[in-house]
1. State the number of residues belonging to the stretch 1-20 that are charged (D, E, K, R) and part of a strand (DSSP E or B).
2. Taking only pairs six or more apart or across chains, which ones have beta-carbon atoms under 9 Å, a first residue in the stretch 20-31 that is in contact (Cβ under 8 Å) with a residue 12 or more places away in the chain, and a second residue that is open to solvent by less than 70 Å² (accessible area, probe 1.4 Å) and acidic (Asp, Glu)?
3. Here are the criteria: (1) under 15 Å from Ile97 (Cβ atoms); (2) out of contact with any helix residue (DSSP H, G or I) (no Cβ under 7 Å at 6 or more places or on another chain). Tell me which single one Leu56 does not satisfy.
Amino acid sequence: MIIERDLDALRISGVRELNAANAFVLEKMVSAARTGDAKDIEFDLSETFALDSSGLGALIALRNAADRPGGVLRLVNPTPLARRILELTRLHRVLEIAQQEKRPADQQSEYLNEAGSTVSPRPYSFPRAPVSLESAAA
C-alpha cells in the first residue's frame with residue numbers, strides 16, 4: 001500500500017486486497033497521513049482483486065473523513081471486480097468513480113510505506129492528471 005501526499009489530496013495505490021485483514025490499518029494510515037491542506041482522497045483500485053464488506057466499510061469511512069473538511073473520496077480506475085461489487089451494493093451511486101491516466105514516474109509525489117514512514121521524498125509541485133467522471137446514473 002502506498003499513500004502519496006499532494007498539496008490538496010492524498011493518493012492511495014497498490015492495494016491488492018481491501019478486506020477485514022487490512023481495512024482498519026488503511027483507515028489509521030490515512031488518518032495519520034491527512035495533514036495540512038489535503039482534503040481530497042484519491043483511491044486507485046486498479047490493482048484491487050479482493051473487496052469484502054469490511055473493505056466497503058473502510059471506503060465509506062474514508063468518504064466520511066474526506067467529506068468533513070469539504071473534500072471528496074474519488075475511486076480511480078476500479079478493476080472490473082471492484083466495479084461490480086460497488087454496483088451490486090449500489091455504492092457506485094454514493095462514491096465518486098473516475099477513470100484516470102497513470103502519472104509518469106517523474107511526477108510522483110512523496111509517499112508513505114506501510115509503517116507510515118516517508119519513502120523517496122519528491123517536490124510537491126506537479127500537474128494533476130486529467131480526470132473524466134462517469135455519470136452516476138450509469
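The values are calculated or read from the model by the stated rules, or taken from the named source; none is laboratory data. For clarity, every value in this text was computed on a predicted model and none was experimentally measured. Every residue, glycine as well, gets a Cβ built from its backbone with ideal geometry; the counts of neighbours run over all protein chains shown. Side chains are part of the model used for accessible areas, which takes the heavy atoms of the whole protein and leaves out ligands, DNA and RNA. Shrake-Rupley method; radii C 1.70, N 1.55, O 1.52, S 1.80 Å.
1. Of the stretch 1-20, the ones charged (D, E, K, R) are 4-6, 8, 11, 16-17.
Restricting the remaining residues to those that are part of a strand (DSSP E or B) gives 4-5, 11, 17.
Here the count works out to 4.
2. Ala20/Asp52; Ala23/Asp52
3. (2)
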